[in-house]
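A short write-up of the structure that comes next.
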Amino acid sequence: MKRKPKITASRKLLLKSLMLAKAKECWEQEHEAREAEKSRYLAERIPALQTRGLSLSALQDLCRDLHAKVEVVDEERYDIEAKCLHNTREIKDLKLKVLDLRGKFKRPPLRRVRVSADAMLRALLGSKHKVSMDLRANLKSVKKEDTEKERPVEVGDWRKNVEAMSGMEGRKKMFDAAKSPTSQ
C-alpha cells in the first residue's frame, strides 16, 4: 500500500484560496442571473405606465385598477405567509415531539445473558413452538474406562528398565505386562 505524499501548508493555503475565488465567481454569476431573470419577469408581467396626456378621470380609474391589483396580490401574499407560518410551527412541534420521545427512553446497559436454545426459540417463535432442541443429546459420550486406558505409563529410570527387560525374562515380563491391564 503506497502512502500518499502529504500536502504542504503553503500548497493547502493556495488551493483553499483558489477554491474560495472560484466559489465567489460562481456566486456572483448566479446573483447576476437571478437579477436578470427578475427584471425580465417584471417587464413581462408589469407594462410601463403611460400617464402623459391622460385626463384626471382616466388617472383616477388607473389608480383604482392599480389599487385593486395590489389588494389581490396582498391577499395572496398574506395567505402564503399564513401557510408558511403554519408549516414552520408544525415542523417545530414535530421536532419537539421527536426530542421528547428520544429523551424518554434511555437505552439500558446491555448485559450478557445465558439463554437456552429452547428459551431462544420460544422468544423468536412465540410460545406456540413445540420443537425442543436438546443440544447435549448429540454430544459424544466418554466413559471413565477410556480415560484410564489413555493414562501415560509412569516413566522411571531407563537404565533399570533396559536391564530388567534384557533376555528371555524381560520378554516374558513385557508379555505379562501387556495382558495385565485388560484383566483388571
Quick one: how many lysine pairs does segment 1-70 have with C-alpha atoms less than 20 Å apart and a gap of 8 or more or different chains? Give me the count, please.
7
Kirkwood Rh, segment 2-125, all Cα pairs: how many Å?
24.1
Unit-weight point scatterers at every alpha-carbon of segment 62-111, Debye formula, q = 0.25 1/Å: log10 I(q)/I(0) is -0.89
For segment 1-120, whose charge dipole is built from +1 on Lys and Arg Cβ atoms and -1 on Asp and Glu Cβ atoms, the candidate among HIS67, VAL113, THR8 with its Cα farthest towards the positive end is VAL113
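Send over the per residue convex hull volume for segment 28-77, Cα only, as a whole number of Å³.
Numbers: hull volume 4.7 nm³, N = 50.
Value for segment 28-77: 94 Å³ per residue.
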Average projection area in nm² (convex hull over Cα atoms of segment 1-49, one quarter of hull surface):
5.8
Please give the length that would be gained between ASP65 and ALA43 if that part of the chain were fully extended, namely 0.36 nm times their separation in residues minus their C-alpha to C-alpha distance (nm, one decimal).
6.1 nm
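Computed from the coordinates by the stated procedures, all read-outs in this text should not be read as laboratory data. Quantities reported herein were computed from a predicted structural model and do not represent experimental measurements. Heads up, the Cβs are rebuilt from the backbone with ideal geometry, glycines too, and the neighbour counts pull from every protein chain shown.
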